[in-house]
Amino acid sequence: MNIDFKDVMSKRTDEELIKIVTVDKDGYQPLAIEAAETEIKNRGIERMTIEQVKTDLTTKMEEQEQFDSKKVRSLTRFIHFIIDTIIWLIIVAILTYPLNANDGFHMLIGYLILFAAFIGYYSIMETKYQKTVAKFITKTKVVTKDGNKPKIGNIMRRTFCRLIPFDRVSFLFTASGFHDRLSDTSLIKDEY
């Protein structure tokens, strides 16, 4: 199978071409790199521009590596799950204590309280503090993929995604589980 690298590289942006011939050089075949270099020459991209883009890309990559090094591991996330589930169930027990469990209407109210307490606990804690009780204990916090404080929309998506079956075990198979990936958030160590 022959690949026309010249055609492929002609469709790349200037930044992508520069990335291929500089910081990502090891990830490409020699013919692809040669085609990218030729395309850069054909476009007349100046050496100074190439060096500036290379510097910017290197800086971004270093920042991403530094951010990734702060991400929390699966064991810590499992501990969060256990602690936060206990806290949530304590809240539910307190709120449902006065209800009569033998009455169908009160059971329905109990289930609604169970659901509301779940949504309320995670959304209020993570919106206000970027943390739940478990995250306070382990000194971690929720941030967006670029390291900023998440907006309410991110937190609400994150909270409702926790209801996806197998969300809790998704962290055992990938670095970012469902509720991180689908809400564009991450969990990192909090450096006060």
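Consider LEU172 carefully, then state whether it is exposed (fewer than 13 other Cβ atoms within 10 Å of the Cβ) and in contact with a helix residue (DSSP H, G or I) (Cβ under 9 Å, 6 or more places away or on another chain).
Answer is yes for this residue.
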Considering only region 55-74, state which residues are surrounded by 11 or more Cβ atoms within 10 Å (Cβ to Cβ), of a type outside the set (D, E, K, R) and in a helix (DSSP H, G or I).
THR55, LEU57, THR58, MET61, GLN64, PHE67, SER74
Restricting to region 163-189, and then to whatever is over 18 Å from TYR129 (Cα atoms) and among the charged types (D, E, K, R), can you tell me which residue is modelled with the highest pLDDT?
ARG181
Return a yes/no flag: does region 136-159 have any residue that is more than 19 Å from VAL72 (Cβ to Cβ), of a type in the set (Phe, Trp, Tyr) and surrounded by fewer than 17 Cβ atoms within 10 Å (Cβ to Cβ).
no
Residues in region 99-119 that are free of Cβ contacts under 8 Å to residues at least 12 places away in the same chain, small (Gly, Ala, Ser) and within 15 Å of ARG162 (Cα to Cα) total 1
Only one residue in LYS145, LYS149, LYS131 is of a type in the set (Lys, Arg) and out of contact with any helix residue (DSSP H, G or I) (no Cβ under 9 Å at 6 or more places or on another chain). Which one?
LYS149
Here are some residues: ILE86, ILE109, ILE79. Which one is surrounded by 11 or more Cβ atoms within 10 Å (Cβ to Cβ), of a type in the set (A, V, I, L, M) and either in contact with a Gly (Cβ under 8 Å, 6 or more places away or on another chain) or over 30 Å from PHE171 (Cβ atoms) (or both)?
ILE109
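Scan region 29-36 and give yes if some residue there is within 29 Å of the chain's Cα centre (by Cα) and at negative phi, otherwise no. Before you say what the answer is, go through the steps one by one.
Narrowing region 29-36 to residues within 29 Å of the chain's Cα centre (by Cα): none.
There is no residue in region 29-36 that is within 29 Å of the chain's Cα centre (by Cα) and at negative phi.
The values are calculated or read from the model by the stated rules, or taken from the named source; none is laboratory data. This one's a predicted model, so the numbers in the text were calculated from it and none came from an experiment. Reconstructed Cβ throughout: ideal geometry from the backbone, glycine too, with neighbour counts over all protein chains shown.
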